[in-house]
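A short write-up of the structure that comes next.
Just so you know, all these numbers are worked out from the coordinates, no wet-lab data involved. Predicted, not measured: the structure shown is a model, and the values here were computed from it. Cβ: placed from backbone, ideal geometry, glycine included. Neighbour counts: every protein chain shown.
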Amino acid sequence: MLGGASPIASVEIDITKLRSTKGVIQLCLTADPTNFPSCVDDARALSRRVPARERTIRVEGLAPGAYAAALIHDENGNNKLDTMMGIPREGFGFSRNPAIGFGPPRFSSARFVLDSGRNEQDIRVRYLL
């Protein structure tokens, strides 16, 4: 590492249990607990959209530290998680695959630490309907 250079981290997110290749995967990766899981007000959050046929998302150039990831399987491509009476109709998942109760998990349940270098995270997609 060069003197004064910041360490750089990367993460490879492997996605499992998708029920189809329709639509897209929307990923939110954030280090800000107040903006998890949506990343809406987080200027430093990373959002990615990839075709659902891709099962791996690689993110590079990250600062080492604590992050949490959330994803949805937007099967109809309308840029949101469709729900029926508050229950998700499309797939969703979180880093560390925490238990799901009513609503999304807390940042601390999905939190993982990126060290400088290459890191891996597996996210299992869940469907409730």
Taking the chain as a Gaussian network, where each spring joins two C-alpha atoms under 10 Å apart, which residue of 114, 71, 27 fluctuates the most? 114
Order of 60, 90, 12 - criterion: other Cβ atoms within 10 Å of each residue's Cβ, fewest first: 60, 12, 90
Please give the contour-minus-distance gain from residue 76 to residue 43: 0.36 nm per residue of separation, less the Cα-Cα distance, rounded to one decimal in nm. 9.2 nm
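Normalised by the empirical 2.2 N^0.38 Å for globular proteins, what value does the Cα Rg of the chain take?
Working: Rg = 14.8 Å, N = 129, 2.2 N^0.38 = 13.9 Å.
Rg over 2.2 N^0.38 Å, computed on Cα atoms: 1.06.
Sum -39500 (n - 2.57) across every DSSP H segment of at least 4 residues in the chain, then divide by the residue count to get the 222 nm mean residue ellipticity, nearest 500. Kindly include the intermediate steps, with their values, before the conclusion.
Working: 1 runs with 4 residues, N = 129.
Helix contribution divided over all residues of the chain: -500 deg cm²/dmol.
Express the relative contact order of the chain as a whole percentage, based on alpha carbon pairs under 8 Å and six or more residues apart in sequence.
Numbers: 293 pairs, mean separation 44.8, N = 129.
Relative CO of the chain lands at 35 percent.
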Taking the dipole about the Cα centre of the chain, with the C-beta of Lys and Arg at +1 and of Asp and Glu at -1, give me whichever of 110, 33, 72 is farthest to the positive side. 72
Phi-derived 3J(HN,Hα) across the stretch 100-108 with the Karplus relation (6.51, -1.76, 1.60, θ = phi - 60°), rounded Hz, x for Gly and Pro, is 10, x, 8, x, x, x, 6, 3, 4
Only sites in a loop by DSSP and with at most 16 other Cβ atoms within 10 Å count here; which chymotrypsin sites (Phe, Trp or Tyr not before Pro) in the stretch 1-105 make the cut? 102
Restricting to Cα pairs below 8 Å that are 6+ residues apart, what does the relative contact order work out to for the stretch 1-64? Please round to a whole percent. 48
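Dipole magnitude of the chain about its Cα centre, charges +1 at Lys/Arg Cβ and -1 at Asp/Glu Cβ only, in debye to the nearest 20? Mind dumping the intermediate values first?
On the way: 17 positive and 14 negative charges, 70 e Å.
For the chain, the charge dipole is close to 340 debye.
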